[in-house]
1. I'd like the full set of residues that are surrounded by 17 or more Cβ atoms within 10 Å (Cβ to Cβ) and either part of a loop (DSSP other than H, G, I, E, B) or out of contact with any strand residue (DSSP E or B) (no Cβ under 9 Å at 6 or more places or on another chain) (or both), limited to region 285-309.
2. Across region 328-343, what is the number of residues that are of a type in the set (Gly, Ala, Ser) and either touching a helix residue (DSSP H, G or I) at 6+ places or on another chain (Cβ under 8 Å) or without any contact (Cβ under 8 Å) to a residue 24 or more places away in the chain (or both)?
3. Among the residues of region 323-339, which ones are surrounded by 12 or more Cβ atoms within 10 Å (Cβ to Cβ) and over 35 Å from the mean Cα position of the chain (by Cα)?
4. Residue under question is VAL190, and the condition is that it be surrounded by 18 or more Cβ atoms within 10 Å (Cβ to Cβ), among the β-branched types (Val, Ile, Thr) and in contact (Cβ under 8 Å) with a residue 24 or more places away in the chain; does it hold?
5. Looking at ALA118, ALA113, ALA124, which one is assigned to a loop (DSSP other than H, G, I, E, B), of a type in the set (A, V, I, L, M, F, W, C) and surrounded by 12 or more Cβ atoms within 10 Å (Cβ to Cβ)?
6. Could you grab me the full set of residues in region 232-257 that are touching a Gly at 6+ places or on another chain (Cβ under 8 Å) and either among the charged types (D, E, K, R) or surrounded by fewer than 20 Cβ atoms within 10 Å (Cβ to Cβ) (or both)?
Amino acid sequence: LYDIVENDLSSRHIIDEWIPQGECYVKALPKGTSVHLLAGNVPLSGVTSILRAILTKNECIIKTSSADPFTATALVNSFIDVEAEHPITRSMSVMYWSHSEDLAIPKQIMGCADVVIAWGGDDAIKWATEHAPSHVDILKFGPKKSISIVDNPKDIKAAAIGVAHDICFYDQQACFSTQDIYYIGDNIDVFFDELAQQLNKYKDILPKGERTFDEKAAFSLTERECLFAKYKVQKGENQSWLLTQSPAGSFGNQPLSRSAYIHQVNNILDIIPFIQKNITQTVAISPWESSFKFRDILAEHGAERIIESGMNNIFRVGGAHDGMRPLQRLVNYISHERPSSYTTKDVSVKIEQTRYLEEDKFLVFVP
């Protein structure tokens, strides 16, 4: 946690002390009351949101998702169990409301916010934007898509293991989950078969979550559509996974639930049209060495995170999140500037502005 503060705010002491920076002393103060509108697809995202607010000394009002009302509640209860009267414990509240119910109280809560952290789909982000005060900063962690690039690997099995992990973790419910795979090279059939084997392995070592009737129906519909289009299709036992080989750009439905499309391409330039600003989050690359030749063009076209295949659920300390450093958005930076007697790099004498004006030398000393 210290390292997160150090990397996001430049100093782990800046929240508690005035830190000399340039010609000033700078301190980071909490925004105040943070309202967290959590999503239910990845429980860890809610924990992350709350911890960031705690690290920056903000009060937390936490609105849980109907899909996961438990994680945030359990986290806050753990603080209560340790020390119920601790200032951090007393600064957290957990609640739930439905957007279809009377919104009088939610609107009142949003009106008290000094910063809003919104997670979820387009509707959730739109609701936060509409109900947050106009002067309040909104951290938007909205819907994203992620891909994998497999660059003609020597070790096809290792590449397939990494891609399988990135498909299966969280059953593709996370923003960082691979949905499309771009294969550069001629051995796509070998890779396809190896990936199918690894997806079968993950069926056993990381069993798939329960699905609704509608989710199963969407899975079946996608399979039928791809077969009708004469794509190469293979699926696991009991709909444990679905793999479709199709031309780049010919996207079908995406039921998630460990369903992925593989596209054969000639080079990175064939992939760039499918990298979209504010939409493409994670690009997982195998082998790792290829990331160094691709990272500049990927970043220029909107990719927000570049990782080694098989590492999509591990967020390294020091990295950005959706193109930002969130802790910086949870504080106000206050500057205490040095006096006129302090000499600077470009002005090596005391800054006496009145005297400079009297002597008609103002522009010489003060730009």
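1. PRO287, ALA303, GLU304, SER309
2. 2
3. ARG338
4. Against the criterion (surrounded by 18 or more Cβ atoms within 10 Å (Cβ to Cβ), among the β-branched types (Val, Ile, Thr) and in contact (Cβ under 8 Å) with a residue 24 or more places away in the chain), VAL190 does not qualify.
5. From the options ALA118, ALA113, ALA124, the qualifying one is ALA113.
6. Correct list: SER246 only.
Let's see how each residue does on (1) in a helix (DSSP H, G or I); (2) within 26 Å of PRO133 (Cβ to Cβ); (3) in contact (Cβ under 8 Å) with a residue 12 or more places away in the chain; (4) within 19 Å of the chain's Cα centre (by Cα):
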site: LEU29; (1), (2), (3), (4): no, yes, yes, no
site: SER34; (1), (2), (3), (4): no, yes, yes, yes
site: SER45; (1), (2), (3), (4): yes, yes, yes, yes
site: ILE50; (1), (2), (3), (4): yes, yes, yes, yes
site: LYS57; (1), (2), (3), (4): no, yes, yes, no
site: TRP97; (1), (2), (3), (4): no, yes, yes, no
site: LYS107; (1), (2), (3), (4): yes, yes, yes, no
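No value in this document is a laboratory result; all are computed from the given coordinates. The structure displayed is predicted, hence computed values, not measured ones. Cβ atoms come from the backbone with ideal geometry, glycine included; neighbour counts cover every protein chain shown.
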